[in-house]
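The values are calculated or read from the model by the stated rules, or taken from the named source; none is laboratory data. Every value quoted in this text rests on a predicted model; they were computed, and no experiment measured them. Every residue, glycine as well, gets a Cβ built from its backbone with ideal geometry; the counts of neighbours run over all protein chains shown. When the accessible area is computed, the model is the full protein with side chains, heavy atoms only, and any ligands, DNA or RNA have been set aside. Shrake-Rupley method; radii C 1.70, N 1.55, O 1.52, S 1.80 Å.
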Amino acid sequence: MDAYFAGMLLGLAMITPIGPQNIFLINQGFTFGVPRVFVAVVAAGVCDTVLISLGGAGTSAVLNRIPGIKSFLLAAGVVFLTYLAVKSFRSRPEDFDQSTPPEMRWRRVVAQCASVTVFNPHAVLDVVGILGVAIAAQAPDHRPIFAAGTVSASWLWFTLLALGASTLRRWLTPQRRVWIDRGSGTLMLVFAALFVGELLRSQG
């Protein structure tokens, strides 16, 4: 159990800081509420489970040997986050008309969640790398238990995040949703700018 809780604590430390994936889940909770938001929770949980499993399997060593992989992920992240930001800035109050329930297309939600994960270089390189090293550092018998703890942390955090956003949904007017979307868009641009800075430093 010590290995399990150690893995959970490390997983929470890495997943709780605000990032594109967390912003995506919050927006899904605001838009769809319970129970439909759990489509996004499952998608995010599966994405993190795959990344953590790849890290435990030693994929980080393979990624580090691919030339230009970090630059490619950073550039792709900049483009994708900028696209999401522009989309957020273009939202209007009528987009959040509460008289009719919003339509959820689960395939689109899953695709967006996977994109937010894959096009975030920190999600790919840091989660695979840091958690992969942490898993490998455990005693052989403890590695599956430690990895299960880190996976549990992701699922727990995503569930709490989605439930919290869904609870606040009833107090959100269309006008407030527009301002939240603009705030989300601003955060996306901040992350894009940070990725640009990392890309320039890596090229220099």
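Region 1-32 and region 141-187 have Cα centres separated by 7 Å.
Between the entries [x] 53, 45, 29; [y] 56, 45, 25; [z] 70, 40, 23, the label attached to Cα extents along the principal axes in Å calculated for this structure is [y]. By the helix-only formula, in which each DSSP H run with n ≥ 4 contributes -39500 (n - 2.57) and the sum is divided by residues, the chain has a 222 nm mean residue ellipticity of -24000 deg cm²/dmol. Could you tell me what percent of the accessible area of the chain is made up of carbon and sulfur, with a 1.4 Å probe and every protein chain present? Summing carbon and sulfur atoms, their accessible area is 67 percent of the total for the chain. Principal-axis analysis of the Cα atoms of the chain puts helix 106-118 at an angle of about 50° to the longest axis. Peptide packing for 190-196, 5-11, 21-27 was compared via the average number of neighbouring C-beta atoms within 10 Å per residue; ordered from the highest value, the list is 21-27, 5-11, 190-196.
Comparing Ser154, Ser91, Ser166 in a Gaussian network model of the chain where C-alpha atoms under 10 Å apart are linked, the largest mean-square fluctuation is found at Ser91. For the chain, the longest principal axis of the alpha carbon atoms and the long axis of helix 20-32 meet at an angle near 40°. Solvent-accessible surface of protein heavy atoms, probed at 1.4 angstrom with all chains present, puts Met1, Met188 in the order Met1, Met188, largest first. The residues of the chain have, on average, 53 Å² of accessible surface per residue, using a 1.4 Å probe with all protein chains present. Computed from Cα positions, the angle between helix 2-15 and the longest principal axis of the chain comes to roughly 50 degrees.
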